[in-house]
Amino acid sequence: MFYTVKEKISKLSLLSGRPARLDAAIMPMVLIRSPHQGPKVDVWSAGVTLLYLMTGRTPFVGDPEQNIKDIAKLRGSEDLWEVAKLHNRESSFPVDLLDIQSLPSMKLRDWCKLNTRRPDFLEVIPRSLVDLVDKCLIVNPRQRISAEEALRHDFFSPCHEALRKQRLLRQGFSLDSGTTHLSHRQPETCEGLT
């Protein structure tokens, strides 16, 4: 069954008991109203969505200025300020963050521990997922991982291995159980062979 984005958001709201918001995944470049936005906006949104799944709560839920402040608590205000300057959007930067420009960033896992609704779940999250989300949430889009790089990330290695095995099986190879050796399967019938 296929759902629209609006239906998916509605279902998330029902499951979590809180209203889910599309704007919670908006990246800093959108928040500071930069006209220079590219495909890495979607990578940021994917990172926020994964962060939501890891912690059980929406990470950035305020108005745009509050979201920038919340992002600064996680990623540090200096990087946000640099991106605002890079795009000539200093006027969109919250004034009270100017006084604490050197607000340090936090390690993502530490931020998750402080902000999670499910600490027991957080303990079983693979380091590779935390690393992927960390790379998706780099403030400067020039330094952020691309979608292609994200799909090649270690977190997805089991998926790539499963797909590789599936392709081999489709090509007529069988995987010996318990070993990594491949053997070519003989056709079940000789029909079509010359």
The long-range amide H neighbours of PHE173, using H built 1.01 Å from N in the peptide plane and a cut-off of under 5 Å, are ARG185
Fewest to most neighbouring Cβ within 10 Å: what's the order for MET106, MET54? MET106, MET54
Spelling out what I want: for every residue of segment 59-75, take phi, set θ = phi - 60°, compute 6.51 cos²θ - 1.76 cosθ + 1.60 (Karplus), and round to whole Hz; glycine and proline get x. x, 10, 10, x, 6, x, 5, 5, 4, 4, 5, 5, 5, 4, 5, 7, 9
Using the beta-carbon distance between PHE156 and ASP70 and R0 = 30 Å, what value does 1/(1 + (r/R0)^6) give for FRET efficiency, to the nearest 0.05? 0.60
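Any read-out appearing in this document is the output of simple, stated calculations on the displayed coordinates, not a laboratory observation. Computed from a predicted structure; not experimentally measured. Don't worry about glycine lacking a Cβ; one is built from the backbone with ideal geometry, like all the others, and counts go over all protein chains shown.
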